[in-house]
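The values are calculated or read from the model by the stated rules, or taken from the named source; none is laboratory data. For clarity, every value in this text was computed on a predicted model and none was experimentally measured. Cβ: placed from backbone, ideal geometry, glycine included. Neighbour counts: every protein chain shown.
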Amino acid sequence: MARAPQKDLLSRLADAGEEAIQKLADMPGAQRAVEAAGGLRDRLDELQKRVRGIEELERRVAKLEKELAALKRTAPAKPKPKPKTAPRKPAT
C-alpha cells in the first residue's frame, strides 16, 4: 500500500481557497457582488479624501481661533458710537 505524499497545510489551504473562489464565480449574483464591492472601495477612497480635507480645515480653524483670541486680549475696548438718526418729518 503506497501512500500519496501528504500535502502541507499551505497547499491545502490554497486549494480550498481556489475552489471557494471558483464556486463563488459560478453563482448567479456573483458578478453583481464583485461590482458592488468594487464600487464600495471607490466610495470609501473618496470618503477618505474628503475626511483628510476636513481635518486640514479643522486645523486651520483652530489656528484662526487662537489668533482671534490673542487679538481680543490685546485690543483695547472701544466704546461703540451711537447711531445718528435723522429727525422725522411731520406728516402732511
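Here are the numbers for this structure:
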{"read-out": "Condition check for L24: in contact with a helix residue (DSSP H, G or I) (Cβ under 7 Å, 6 or more places away or on another chain), modelled with pLDDT under 90, among the hydrophobic types (A, V, I, L, M, F, W, C) and in a helix (DSSP H, G or I)", "value": "yes"}
{"read-out": "Checking P90 against (1) in a helix (DSSP H, G or I); (2) over 30 Å from K23 (Cβ atoms), the condition it does not meet", "value": "(1)"}
{"read-out": "Hits in segment 54-74 (condition: of a type outside the set (D, E, K, R) and modelled with pLDDT of 90 or more)", "value": "I54, L57, V61, A62, L64, L68, A69, A70, L71"}
